[in-house]
Amino acid sequence: MKREAHPENWLQITPQGLYCRPGDFFIDPHRPVERAVITHGHADHARPDHHRVLATAETLAIIQTRYGDRAGHSFQALKYGESIELGETRVRLVPAGHVLGSAQVVVEWGGWRVVVSGDYKRRRDPTCAPFEVLPCDVFVTEAIFALPVFRHPPDAEEIHRLLHSVSVFPERSHLVGVYALGKAQRVIRLLREAGWDRPLFIHGALRPLCELYEALGVGLGELRVATEARGEDLAGEILLAPPSALADRWSRRFADPLPAVASGWMRVRQRARQRNVELPLIISDHADWQELTRTLEEVQAPEVWVTHGSEEALIYWCRLRGIRGRALSLIGRGEEEQEEVV
Ligand SMILES: [Zn+2]
Ligand SMILES: [Zn+2]
């Protein structure tokens, strides 16, 4: 492992995003590039108009569903664990446990192994493969919920609170704000696991990705587009919509709507209040503080690069343990937990 081959010298921040020089590719670039390796389909990682795109088959299908003609010029699918040569580097994708198809990008060059984890979580998700721990020399991580106050409760508890509310207010329509990619399908699967076998009503914007998940083998049960039902018929039912739809005209047609949102940010009461969320559900596709620190312990990387979020807290945690921490401050990240982009 040669010092001059240190990843700082060949995996660099450029105006387009994170660039791997010996492999001549970008990872999750935020501007169009010649060759992109994409960790997952959220819009803050997968942008349109790259020339060549390499990702898992599921992520490619998600990108094509979202961007159509602008998804890219040519596509290469890589299975989890399969490794290929890109330029002088060896590249592999391993599961990140974030959304369907999500992957960590493993890059090896000059005797160094770097893992770019994209977004990830460590708890079980019935809609995607679980995160795989891979020891490495440099681990690149997000830090969205990197404060000890962020401790996501078990998701089954949150689903139980939703179902309890439905039973207490049978005359109201429960409107649950969920991001179109990942959160929507996860919440649906969790509801099915909790025994809710009635039809679920969805906003039209959720339909393409729900259909894609079904086509890729993630069963969601019976879904109906909410606007095709009469508003008063939806009393006592559960509706899912992008968070932004909760505040717009779409939501007013339903019987005495009870707004809920499923997001890690619902831990922050003020955010829930600002958005008039009556029932905040803390369900996140991002690692909480415990999951982040546990992951850093397990991958045993002597060096950790933090892409975005609460960098300071995580870097301080690293320093106390003799791990070298470095803030990359990548721009444009973390949007899917803020607002739906596409
Ligand atoms: Zn994401
Ligand atoms: Zn993200």
What is the log10 of I(q)/I(0) for the range 134-187, computed with the Debye formula using one identical point scatterer on each Cα and no solvent, at q = 0.14, 0.22, 0.25 Å⁻¹?
-> -0.63, -1.05, -1.12
For the range 1-89, which trypsin sites (Lys or Arg not before Pro) are both in a DSSP coil and crowded by at most 16 other Cβ atoms within 10 Å?
-> LYS2, LYS79
How much length, in nm to one decimal, is gained on full extension between ARG207 and ALA156, taken as 0.36 nm per residue of separation minus their Cα-Cα distance?
-> 16.0 nm
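Under 20 °C and 1.002 mPa s, how fast does the chain diffuse according to Stokes-Einstein, given a Kirkwood radius computed over C-alpha pairs? Answer in µm²/s, whole number. Walk me through the intermediate numbers first.
On the way: Rh = 20.6 Å.
Diffusion coefficient, whole number: 104 µm²/s.
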Highest-first arrangement of 264-273, 98-107, where packing means the average Cβ count within 10 Å = 98-107, 264-273
VAL133 to GLN274: extension gain in nm, 0.36 nm per residue of separation minus the Cα-Cα distance?
-> 47.0 nm
Positive-pole candidate from VAL37, THR295, GLY81, dipole of the chain, charges at beta carbon = THR295
Shape parameters for the range 1-67, alpha-carbon atoms, Rg then Dmax in Å = 12.9, 43
With all protein chains present, the range 192-323 has a carbon and sulfur share of its accessible area (1.4 Å probe) in percent of 45
Residues with amide H under 5 Å from that of GLU142, placed H, sequence gap 5 or more = THR307
Using only alpha carbons, build the gyration tensor for the range 184-342 and give me the equivalent ellipsoid semi-axes, biggest first, whole Å.
-> 36, 18, 14
Charged-residue dipole, Cβ positions (Lys, Arg, Asp, Glu), the chain about Cα centre, Debye nearest 20 | 440
Within the range 185-242, report the GluC sites (Glu not before Pro) that DSSP leaves as loop and that have at most 13 other Cβ atoms within 10 Å.
-> GLU222
Solvent-accessible area per residue for the range 91-136 (1.4 angstrom probe, square angstrom) | 25
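The values are calculated or read from the model by the stated rules, or taken from the named source; none is laboratory data. Everything numeric in this text was worked out from a predicted model, so none of it was measured. Every residue, glycine as well, gets a Cβ built from its backbone with ideal geometry; the counts of neighbours run over all protein chains shown. SASA here: full protein model, heavy atoms, side chains in, ligands and nucleic acids out. Shrake-Rupley method; radii C 1.70, N 1.55, O 1.52, S 1.80 Å.
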